[in-house]
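Read-outs throughout are calculated quantities, based only on the coordinates presented, and are distinct from any laboratory measurement. All values derive from a computational prediction rather than experimental measurement.
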């Protein structure tokens, strides 16, 4: 199968995925698209939403349809790095043996990541970056594909440890999960309060996901698309020659080079999932808000005037 046929095959699998997941997840199409784009881009997601919006159900359903191992970790203030990485124990033969923690899975739901201290946060983020963990001086590789979806509650901040900007930068997407539409909520209530049992079919295998991830890297991107992505990231930096007026007036910090990289990789994936063989500027625009919103920091003037990060990104894209 050549790359053109592989692109066509991925588009068909993407459509089958949506048909399957809509048996369980009602609405939230944009969230599902962005999660799937990050999986095929070898990225990770930070999901921000209030409790009760079926974040766990969404992740477990995606893992089931994609044929991936899934683990959920509830982050709490007393959680230690060894609780997620694993630890060495003395077995019956008086030999040290490494017992793997819940990080050894394909898909990890890090629930309320900001509830745990920085030491445990760093252990997870190191695994995200290196795709491996170290215990007792020995390196243990994690399974591929490896994908982390971390959640944060935007309402209650008491007793939390907010992720530093350098750690937020490790996440490809910051996805906002909102309340369902009225008609969608009616459908949700009808389905979840009846005896109907939904059977899901696996539509993509682990091996196919790895092949598709490699395919995305081989997709060509024209110079003008790459230039647009880099200029967009540069617009958020107040000291850049391409700085947008709003960046100079309302931003303390802008997006770094990792944002430019993710803009291109994400645009490639967005293009392929829509049946295109190369990304264009519209593909960059489509995924830009989720990539930029957690990488730029407003100053006091923006907060005082009620200018949100979304407002600033919208102006820069305009």
*asked:* Here are labelled values, (i) 21; (ii) 40; (iii) 9, and one is the computed percent of Cα pairs over 36 Å apart for what I pasted. Which one?
replied: (i)
*So how much slack lies between residue 2 and residue 299, counting 0.36 nm per residue of separation and subtracting their Cα-Cα distance, in nm?*
102.0 nm
_With both bridge residues required to lie in the chain, what share of the DSSP beta bridges run antiparallel, to the nearest 5%?_
40 percent
*Add -39500 (n - 2.57) for each DSSP H run of 4 or more in the chain, then divide by its residues: what number comes out at 222 nm, to the nearest 500 deg cm²/dmol?*
-14500 deg cm²/dmol
